[in-house]
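J.: Below is the structure I would like to discuss, written out as structure tokens.
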């Protein structure tokens, strides 16, 4: 029985992503090879020539470098629908305003929202616990 003709998947993009992630973490091929029990040459071939890694090595590499395989295995890139784009915009706006609020309060000296104790300057110039309302005005 003849083999079914199936085009081989090109792993060059995956190899480039692994190489970029490894270099980003400033790890040598020897170090990664020693920790994963593979030869540095095998890792170099995966990174540079697009050699097909075994399924186990493929899985360990994506876990080690937190790489999503969707971009490599799916033909079409994931398209965001309208609701997802709206949610992303809301989250980005919330993060922006939250950061702005924290920076503004920090500059003004209102650090109680960060869990710090309120203090005041006593008659002798030392910091003493503030008395008065326990709840914050902010």
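Throughout, read-outs are computed from the coordinates displayed, never taken from laboratory work. Just so you know, these numbers come straight off a predicted model, no measurement behind them. Every residue, glycine as well, gets a Cβ built from its backbone with ideal geometry; the counts of neighbours run over all protein chains shown.
J.: If you take the beta carbon distance between residue 21 and residue 127 as r and set R0 to 30 Å, what does 1/(1 + (r/R0)^6) give as a FRET efficiency, to the nearest 0.05?
T.: Here the calculated transfer efficiency is 0.05.
J.: How big is segment 1-95 on each of its three principal axes, counting only the C-alpha atoms and giving the largest first in Å?
T.: Between the extreme Cα coordinates on each principal axis of segment 1-95 lie 48, 45, 19 Å.
J.: Given points 7 Å out from each Cα along the Cα-Cβ axis, report the residue 49 to residue 97 separation in nanometres with one decimal.
T.: 5.6 nm
J.: How much length is gained if the chain between residue 2 and residue 37 is pulled fully straight, taking 0.36 nm per residue apart and subtracting their Cα-Cα distance, in nm to one decimal?
T.: That works out to 9.0 nm of additional length.
J.: Note down the nm distance, to one decimal, between modelled labels 7 Å out along Cα→Cβ at residue 89 and at residue 67.
T.: 3.4 nm
J.: Report relative contact order for segment 19-96 in percent, whole number only (criteria: Cα-Cα under 8 Å, sequence separation at least 6).
T.: So the answer I get is 16 percent.
J.: At a threshold of 8 angstrom on Cα-Cα distance, excluding pairs fewer than six apart, so keeping six or more, what relative contact order does segment 10-60 reach in percent?
T.: Relative contact order here is 50 percent.
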